[in-house]
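The numbers here are math on the coordinates, done by the rules we state, and not lab data. Computed from a prediction, not measured in an experiment: that's the story for all the values here. All Cβ positions, even for glycine, are placed from backbone atoms using ideal geometry, and neighbour counts span all protein chains on display.
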Amino acid sequence: MIILDGKQTSAKIKEEIEAQVSVMKQQNKRTPHLAAVLVGTNGASMTYVGAKVKACQLVGFESTLIELSAETTEAQLLNKIEELNNNPEIDGFIVQLPLPKHIDEQKVLMAVDPDKDVDGFHPMNVGRLTLDLPTFISATPYGIMELLERYEIPTSGKHVVVIGRSHIVGRPMSILMSQKRAAGNATVTIAHSRTTNLAALTKEADIIVAALGIPEFLKADMVKKGAVVIDVGITRVPDASKKRGYRIAGDVDFESVAEKASHITPVPGGVGPMTIAMLLKNTLLACERRNP
Ligand code: GUN
């Protein structure tokens, strides 16, 4: 069994980006600049945004963190987005999700300039993805594609079962793997909460992407021997034995599934670190597009 090491792979990607930024600086080109908007004080979101800003510093990007209170109105947030859209210093920006309940998430995502939408959440970019046009691929599915590619996992003609149909992971993942591209050309089944007899599907799968957000959902008896297992889950499960009061659990029962899988991503250290590397890659791309 081979561990798909997202920590090591993302470190490699960050080194590659850092080298590209050095060259850009030598050529007196603009340094890529990412902004992140955080509304409220959701613990996980604060951790993720902090990690994104830190990663920018590591590769030599400029970064701006905009922290807004949980009471921020939708109109105020839309104003901030308009400001970022019009700020020539900013190459790309993200609005960290989830947003407080009184703010319409879709309205906010649609307000982001598609050319600065390094999360790839704008309908224009999602549409471009479905049409195989150049776009910003959202970070989590992009990171999984990169892992499959860099570990040279055969995907052409393989049966992929994606569990979960979220806009951020499951849906784009199913599109990417069906495309004519590296780590693509697969036959894809997208399963979700209404799927009947899910285990019958997963037992047939050559590659399983578990992205449903239920800790340790995928058990060994649902997996074919030699399958490739990608775990997208990151749920905080209360655990009194831990100092911080919780542990991070994936959607895969790692201990038992690892014995059957040919390749598997750990949690933490698998898909998670890849998402940050891919956000940086999208920011670099946004900067290059703006300064050809
Ligand atoms: N919340 C969970 N994942 C993401 C992500 O990739 N981008 C943003 N903006 N928010 C998220």
Quiz prompt | the stretch 148-164 - phi-based ³J(HN,Hα) in whole Hz, Karplus 6.51/-1.76/1.60, Gly and Pro as x | solution = 4, 5, 5, 8, 6, 7, x, 10, 4, x, 7, 9, 9, 10, 9, 9, x
Quiz item: Alpha carbon centre of the stretch 221-249 versus the stretch 1-40: separation in Å?
Solution: 27
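GluC sites (Glu not before Pro) within the stretch 31-134: which are DSSP loop residues with at most 14 other Cβ atoms inside 10 Å? Intermediate results must be reported in sequence, preceding the final value.
Details: sites: E62, E67, E71, E74, E82, E83, E89, E105; in loops: E71, E89.
Loop-located and lightly packed - E71, E89.
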Quiz prompt | Long-range amide H partners of A261 with built H, under 5 Å | solution = G226
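Which of the residue pairs K25/K54; K54/K260; K158/K225 have a Cα-Cα distance greater than 25 Å in the structure shown?
Numbers: K25/K54 19 Å; K54/K260 36 Å; K158/K225 15 Å.
Violating the 25 Å Cα-Cα cut-off are K54/K260.
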Self-check item: Among N28, S10, T41 the positive-end extreme of the charge dipole of the stretch 1-68 (Cβ point charges)
Solution: N28
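Take peptides 202-212, 235-245 and line them up by average Cβ neighbours within 10 Å, highest first, as a rough protection proxy.
Working: 202-212: 23.0, 235-245: 10.1.
In descending order of packing, they fall as 202-212, 235-245.
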Quiz item: Roughly how many debye, to the nearest 20, is the charge dipole of the chain about its Cα centre, given +1 on each Lys and Arg Cβ, -1 on each Asp and Glu Cβ, and no other charges?
Solution: 400
Quiz prompt | Inverse mean reciprocal Cα-Cα distance (Kirkwood Rh) of the chain, Å | solution = 19.8
Exercise. For the stretch 1-93, just list the percent of Cα-Cα distances falling in each 5 Å bin from zero outward, please.
Key: 3, 12, 17, 19, 18, 13, 9, 7, 2, 1, 0
Quiz prompt | Residue-by-residue Karplus 3J(HN,Hα) for the stretch 279-292, coefficients 6.51, -1.76, 1.60, Hz, glycine and proline x | solution = 5, 5, 4, 5, 5, 4, 4, 4, 5, 5, 5, 7, 10, x
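Per-residue ellipticity at 222 nm for the chain, helices alone: DSSP H runs ≥ 4 residues times -39500 (n - 2.57), over residue total, nearest 500 deg cm²/dmol? The partial results should precede the final answer.
Working: 10 runs with 119 residues, N = 292.
Dividing the helical sum by the residues of the chain leaves -12500 deg cm²/dmol.
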Exercise. Estimate the FRET efficiency between E83 and K224 by the formula 1/(1 + (r/R0)^6), using the beta-carbon distance for r and 41 Å for R0, to the nearest 0.05.
Key: 0.20
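Normalised radius of gyration for the stretch 109-172, please: alpha carbon Rg relative to 2.2 N^0.38 Å, two decimal places. Present the calculation step by step, with values, prior to reporting the outcome.
Numbers: Rg = 12.9 Å, N = 64, 2.2 N^0.38 = 10.7 Å.
Rounded to two decimals, the normalised Rg is 1.20.
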Quiz prompt | Nonlocal amide H pairs with L218, under 5 Å, H built at 1.01 Å | solution = V252, D253
